[in-house]
Ligand code: HEM
């Protein structure tokens, strides 16, 4: 029997929508409840995002459930650090993936791999976009990172990398597949880290080399285990961008007039940018993130006691009706004046909130947006295809969400211009 005020049943029933719905039901954006008997404080909205991402009364230590650490994230990675130790480690990621050349080089490698695959798509009767992108992104990010991978290995490594983000919320065998995949992947990358450190492997300037040789302020290298977790913090989420590519395809398919209009615009254009931002805002992907209270305080009439788990609803903040009127509608024009909005770092938060250098906001955001812009270019301008009858329903009770069919495309051909 759930305890009084335990919201586990609502969470299971409503999935991604739970915190937002509950906030609407209670008429407040911050509320205390229990999930699986554990007391938590749930929050949504830009002010809550600002609080959790920037206030040092929170800590990320012991803030993630073990089932997430043993699959998705690994232990001792950048996500679990606070303060100066976090900023140092984060600087390494921003050096590798920051705006401009670093992110662009990853996007260019992905785009090249994708284009090389197109002749096979044209020959095939049909392809499942989600599965194809998983393999294309795996091959591309490994090449970019300096991680050797033969053609024969791509499918197996892709399956393991996908399993890392498919398994945290799963129960039973699917969850255990994710744990095994993490062990296998860490073993693989750990051996490469060791070879680089022993000088037996030449990977100049690559992410593999930089992570393997990274030293903290005391001049110490990362333990081999931690180095492999951090390199997987680049490989895994790049493969996860496949989900956003599928939701780009879904949006092009559902909004034909918009898709037609976008044919007139280059990937770098403002118009494509606004479309991509609206896909990121509306896609049910990373549902929420967590922290623990380090120093007790009170906020908006709610007591935050020491050690309490606090959950910020990222999906709910991206659908907060006070920031995004008619949040369920797909309206890229919302982004026309977005750059001028003073609160923008806390309003659009599919990949975390705040500024990248000082908070846990995602350092892969520029690469993600770049790959999605290329997806609009390839799927919306360079190719024509049919979308045969299939089950495109998206359940909000599955994280990360995906149209059931994975988005099947058939009769793929080059567009005639
Ligand atoms: C698939 C699209 C992506 C989504 C939905 C996503 C989502 C997120 C979110 C929500 C966070 C913040 C989590 C928190 O507050 O603890 C985050 C952090 C992070 N992301 Fe991403 N991400 C994506 C792509 C990428 C890419 C492409 C990379 C690298 C190539 C990347 C690397 C990271 C790392 C290293 C962190 C931890 C940052 C820190 O703790 O300071 N992500 N991501």
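The values are calculated or read from the model by the stated rules, or taken from the named source; none is laboratory data. Everything numeric in this text was worked out from a predicted model, so none of it was measured. Here the Cβ is made from the backbone with ideal geometry for all residues, glycine too, and neighbour counts use every protein chain on show.
Could you please find all residues in segment 395-406 being farther than 19 Å from residue 175 by Cα and in contact with a strand residue (DSSP E or B) (Cβ under 7 Å, 6 or more places away or on another chain)?
403, 406
From the list 70, 113, which residue is part of a helix (DSSP H, G or I), buried (at least 17 other Cβ atoms within 10 Å of the Cβ) and within 20 Å of the chain's Cα centre (by Cα)? Before the answer, list the steps.
Details: 113 fails: within 20 Å of the chain's Cα centre (by Cα).
Only one candidate passes the filter, namely 70.
Please determine whether any residue of segment 271-288 is more than 30 Å from residue 382 (Cβ to Cβ) and in contact with a strand residue (DSSP E or B) (Cβ under 8 Å, 6 or more places away or on another chain). Break it down into steps so the answer makes sense when it comes.
Initial filter on segment 271-288 (more than 30 Å from residue 382 (Cβ to Cβ)): 287-288.
Adding the requirement that they be in contact with a strand residue (DSSP E or B) (Cβ under 8 Å, 6 or more places away or on another chain) leaves 287-288.
For segment 271-288, residues more than 30 Å from residue 382 (Cβ to Cβ) and in contact with a strand residue (DSSP E or B) (Cβ under 8 Å, 6 or more places away or on another chain): present.
Checking residue 339 against (1) more than 11 Å from the ligand (Cβ to nearest atom); (2) in contact (Cβ under 8 Å) with a residue 12 or more places away in the chain, which test does it fail?
Unmet for residue 339, out of (1) more than 11 Å from the ligand (Cβ to nearest atom); (2) in contact (Cβ under 8 Å) with a residue 12 or more places away in the chain: (2).
Going by the structure shown, is residue 380 touching a residue at least 40 places away in the same chain (Cβ under 8 Å), crowded, with 20+ Cβ neighbours inside 10 Å, under 25 Å from residue 237 (Cβ atoms) and more than 16 Å from the ligand (Cβ to nearest atom)? First the steps, then the outcome.
On the way: touching a residue at least 40 places away in the same chain (Cβ under 8 Å): yes; crowded, with 20+ Cβ neighbours inside 10 Å: yes; under 25 Å from residue 237 (Cβ atoms): yes; more than 16 Å from the ligand (Cβ to nearest atom): yes.
The answer is yes for residue 380.
Return the total of residues in segment 66-83 being within 13 Å of the ligand (Cβ to nearest atom) and either out of contact with any helix residue (DSSP H, G or I) (no Cβ under 8 Å at 6 or more places or on another chain) or without any contact (Cβ under 8 Å) to a residue 60 or more places away in the chain (or both). Spell out the reasoning first.
Residues of segment 66-83 that are within 13 Å of the ligand (Cβ to nearest atom), as a first pass: 68-69, 72-74, 76-83.
Pick out the ones that are also either out of contact with any helix residue (DSSP H, G or I) (no Cβ under 8 Å at 6 or more places or on another chain) or without any contact (Cβ under 8 Å) to a residue 60 or more places away in the chain (or both) and you get 68-69, 80-83.
Total meeting the criteria: 6.
Take residues that are under 20 Å from the mean Cα position of the chain (by Cα) and tell me which of the strands (runs of 3 or more DSSP E) falling wholly in segment 248-334 contain 2 or more. If you could, list the steps in order and put the result at the bottom.
Working: elements: 288-293, 297-299, 302-304, 309-313.
Answer list for segment 248-334: 288-293, 309-313.
Could you check residue 92 against (1) farther than 18 Å from residue 303 by Cα; (2) more than 13 Å from the ligand (Cβ to nearest atom); (3) assigned to a helix (DSSP H, G or I); (4) at pLDDT 95 or above and say which number it fails?
(2)
If you go through segment 218-253 one residue at a time, how many are closer than 30 Å to residue 381 by Cβ and away from the ligand (no atom under 14 Å from the Cβ)?
Matching residues across segment 218-253 total 5.
Is it the case, given these coordinates, that residue 359 is surrounded by 14 or more Cβ atoms within 10 Å (Cβ to Cβ), within 13 Å of the ligand (Cβ to nearest atom) and within 19 Å of residue 285 (Cα to Cα)? Even if it seems obvious, please write down each step before you answer.
On the way: surrounded by 14 or more Cβ atoms within 10 Å (Cβ to Cβ): yes; within 13 Å of the ligand (Cβ to nearest atom): yes; within 19 Å of residue 285 (Cα to Cα): no.
Answer is no for this residue.
Which of the residues belonging to segment 339-356 are exposed (fewer than 14 other Cβ atoms within 10 Å of the Cβ) and over 20 Å from the mean Cα position of the chain (by Cα)?
339, 340, 342, 343
Determine whether segment 217-224 contains at least one residue that is closer than 30 Å to residue 275 by Cα and touching a helix residue (DSSP H, G or I) at 6+ places or on another chain (Cβ under 7 Å).
Looking only at segment 217-224, we keep the residues that are closer than 30 Å to residue 275 by Cα, and these are none.
Scanning segment 217-224 turns up no residue that is closer than 30 Å to residue 275 by Cα and touching a helix residue (DSSP H, G or I) at 6+ places or on another chain (Cβ under 7 Å).
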